[in-house]
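Asks: Please see the structure below; I have some questions.
The values are calculated or read from the model by the stated rules, or taken from the named source; none is laboratory data. These numbers were taken from a predicted model, which means no experiment stands behind them. Note that we place each Cβ from the backbone using ideal geometry, even for glycine, and neighbour counts take in every protein chain shown.
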Amino acid sequence: MNDNTILVGVDGSHASYKATWWAANYAKHMGLSLQIVCAYSLPSYAAVSFDATYTSMGDDNAAHNDAQEILSKAKAIADEQGVNAQTLIVTGDPSSVFVELSRNYNLIVIGNRGKGGLAERLLGTTSSSLPAYAYCPIVVVPYTDDKDNLLHLNNVITKVAVGSDDTKWGLRALQIAADFAANWGAELDVITVVPGNTNLDDPAQKQKFEDVLDARLESICTTHPDLKIRKSIVAGRAVETLTKASHTHDIVVVGSCGRGGLTGLLFNSTSQGLLQHSASPVYVVPRKFVEAEEQRVKTGTASGTETAEVTSLEEFVREVPVERASEETERQIEIDIDPKAHEYRQDDNEQ
């Protein structure tokens, strides 16, 4: 397990560069190292390579060169944050590759709302396959809002929201959100969503939910006595409630039961619905991650997976050192991914 490393996936889209910015900013704050990975698979027919260029059938050189160029731009974003990132190329279907890579990391960051490419393959037609099936938490960084307006991300986390319920993954999400908020010195807003027909004006009924929430928070208050916690009980739909919270918080943390496909649609998975509309990064705690942690506790092993499953990735993961892109290219990327990019650069210069 790469306990002290964050992995971020890039594909050349502005959404993935924005994810790189968030991952580098977080890695710097936490004192973690950063690995940037570009995954590609060769098509059996002429097709679009990444988001812009075309490759001929089996043209590995062209795809590899594209990947190096993408990594050089992403490295420039990380370097600007003061993080010297390691750059990797992985060959294989991105959805399968990132699920396998999730066995090896404690956190993977990807972008959302890209025009095709990695975001579509990992978050689109497969119904958010990576957050649903990953073995580690996933942070999904939005690029634009529902009206295609470019979103600004704060480089300091001050407000964290978490969707709280009594499932195993929901309880783990609460613990992670508390740790996350404490590390940033941020406020934690714990949101419990109850059925829309619940009468919260009834003091007795509201008190019942408050008692359950207080019991759920007891251990959090013990481990983080100085953490400022705000409790909210809202009647309505979880996706709509947490999406609204994403507009006033720097990150939203949720648990995922890992239901994909038809089952996921029928159960209206909160995490998957939130990913499509959130205005802030979403930190997803997958069911498989929670189960793997439980397995590690039972077996006393460092990893919840077999050694062969972890080391097999070495066969197709390659480190590819790249030069960072030019300052002009880096500056243009910053403008493309954040409406307040110039303010960032000005603040950095003043410091």
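Asks: When you look at D336, is it at pLDDT below 65, closer than 30 Å to K244 by Cα and of a type in the set (D, E, K, R), yes or no? Walk me through how you get there before you give the answer.
Replies: Details: at pLDDT below 65: no; closer than 30 Å to K244 by Cα: yes; of a type in the set (D, E, K, R): yes.
When the stated conditions are applied, D336 does not pass them.
Asks: Hey, G185 hits all of (1) farther than 13 Å from V252 by Cβ; (2) crowded, with 21+ Cβ neighbours inside 10 Å but one; which does it fall short on?
Replies: Failed condition: (2).
Asks: If a residue counts only when it is at pLDDT below 90 and more than 23 Å from the chain's Cα centre (by Cα), which helices (runs of 4 or more DSSP H) contained entirely in the stretch 224-311 have at least 3 such residues? Working first, answer last.
Replies: Values: elements: 238-246, 261-267, 270-277, 287-299, 307-311.
By residue number, 287-299, 307-311.
Asks: Take D202 and decide whether it is outside the structural domain of L107 (by TED's automatic domain parsing) and more than 24 Å from V290 (Cα to Cα).
Replies: Details: outside the structural domain of L107 (by TED's automatic domain parsing): yes; more than 24 Å from V290 (Cα to Cα): yes.
When the stated conditions are applied, D202 passes them.
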